[in-house]
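Below you'll find the structure, written out as structure tokens, and then a few comments.
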Amino acid sequence: MDNRLILVALDEEIARLQEARRVLAGMGTEDGHVGRKKKRSKRRLSPEARAKIAAAQKRRWTAVKKASE
């Protein structure tokens, strides 16, 4: 096969793949990336909420300890 024919075939294949990529990118998210999710910010607890949760857990541990005796 002549080198020119090979190059023409490669160029046609590249053009076909680029078109497929453009179509897929258009179906993606707003920024054109397929499958990427927006990063969520971390949820943080206030010191009061943390203390409330700790107290509730201590009550549960106490109840479990009493039940096992």
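The values are calculated or read from the model by the stated rules, or taken from the named source; none is laboratory data. For clarity, every value in this text was computed on a predicted model and none was experimentally measured. Neighbour counts are summed over all protein chains in view; Cβ atoms, including those assigned to glycine, are modelled from backbone coordinates with ideal geometry.
Condition check: part of a helix (DSSP H, G or I) and either at pLDDT below 90 or out of contact with any His (no Cβ under 9 Å at 6 or more places or on another chain) (or both). Does R16 satisfy that?
Details: part of a helix (DSSP H, G or I): yes; either at pLDDT below 90 or out of contact with any His (no Cβ under 9 Å at 6 or more places or on another chain) (or both): yes.
Against the criterion (part of a helix (DSSP H, G or I) and either at pLDDT below 90 or out of contact with any His (no Cβ under 9 Å at 6 or more places or on another chain) (or both)), R16 qualifies.
Cβ-Cβ contacts under 9 Å between residues 6 or more apart (or on different chains), taken from a first residue in the range 16-43 that is surrounded by 10 or more Cβ atoms within 10 Å (Cβ to Cβ) to a second residue that is modelled with pLDDT under 80 and of a type in the set (D, E, K, R), are listed as G28/R36; T29/R36; T29/K37; T29/K38.
For the structure I just gave you, tell me whether T62 is of a type in the set (S, T, N, Q) and modelled with pLDDT under 85.
Details: of a type in the set (S, T, N, Q): yes; modelled with pLDDT under 85: no.
No: the conditions fail for T62.
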